[in-house]
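Worksheet for the structure shown next.
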Amino acid sequence: MKMSSKARYGLYVAVELAKNYDSGTVVNVASLSQSTGVTEKYLEQIIALMKKADIVESLRGANGGYKLTTSPENVSVGRILRAVEDNLEIVDCLHSGCANSGKCVARSLWGKLYDNINSYLDTVSLKQLAEDDL
């Protein structure tokens, strides 16, 4: 399984926001772009997905920017990745209709792999990731 650039960059953004959470600092997209090496335009798309999932919130104005909606220890890496990565589907047919679902020899394998990946990612908090404390 290969994660997309949205997943990687979504984690980069979340880690930067986690590092600023305790200080209450709001981080603007230009700073996020500089620290992650990702264009502002692409970051805005990723952040929009994270806002929709209620992971980040935006503040308007001259000192506006983004911040986490809750403390980093309460945000799992799995939640972030599912927000930006279309629910981490490992195969298209696992949760949608599949013509071969009744006779697919790998369906159980894909289902267990999906469950194990999500279970693990849900045990890792953003705080752990930001502190590299895995």
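The values are calculated or read from the model by the stated rules, or taken from the named source; none is laboratory data. Since the model is a prediction, treat every value here as computed from it, not as a measurement. As a convention, Cβ positions derive from the backbone with ideal geometry for all residues, glycine included, and neighbour counts pool all protein chains shown. What goes into the accessible areas is simple: the full protein's heavy atoms, side chains included, and nothing from ligands, DNA or RNA. Shrake-Rupley method; radii C 1.70, N 1.55, O 1.52, S 1.80 Å.
A few comments on the model shown:
- The listed residues are Ala106, Ala30, and the only one of them that is within 20 Å of Lys6 (Cβ to Cβ) and either open to solvent by 60 Å² or more (accessible area, probe 1.4 Å) or among the small types (Gly, Ala, Ser) (or both) turns out to be Ala30.
- Qualifying residue in the range 67-77 (condition: under 19 Å from Ser125 (Cβ atoms), in contact with an Asp or Glu (Cβ under 9 Å, 6 or more places away or on another chain) and among the aliphatic types (A, V, I, L, M)): yes
- Picking from residues in the range 69-85 that are touching a residue at least 24 places away in the same chain (Cβ under 8 Å) and either more than 12 Å from the chain's Cα centre (by Cα) or open to solvent by 50 Å² or more (accessible area, probe 1.4 Å) (or both), the one that is farthest from Lys19 (Cα to Cα) is Arg82.
- Pairs meeting the criteria (first residue in the range 106-120 and within 16 Å of Asp92 (Cα to Cα) and in a helix (DSSP H, G or I), second residue at pLDDT below 90 and of a type in the set (D, E, K, R), beta carbons under 9 Å, at least 6 apart or on different chains) are Tyr114/Glu89.
- Every listed requirement among (1) at positive phi; (2) within 17 Å of the chain's Cα centre (by Cα) is met by Gly65 save one, (2).
- Residue ID - most open to solvent (accessible area, probe 1.4 Å), chosen from residues in the range 36-56 that are modelled with pLDDT under 95 and within 23 Å of Leu121 (Cβ to Cβ): Thr36
- Within the range 1-24, tally of residues that are in a loop (DSSP other than H, G, I, E, B) and under 14 Å from the mean Cα position of the chain (by Cα): 2
- Residues in the range 38-56 that are assigned to a helix (DSSP H, G or I) and of a type in the set (Ser, Thr, Tyr): Tyr42 only.
- Look at (1) under 18 Å from Lys2 (Cβ atoms); (2) loosely packed, with under 11 Cβ neighbours inside 10 Å; (3) among the small types (Gly, Ala, Ser) and you find that Ala62 fails only one, number (1).
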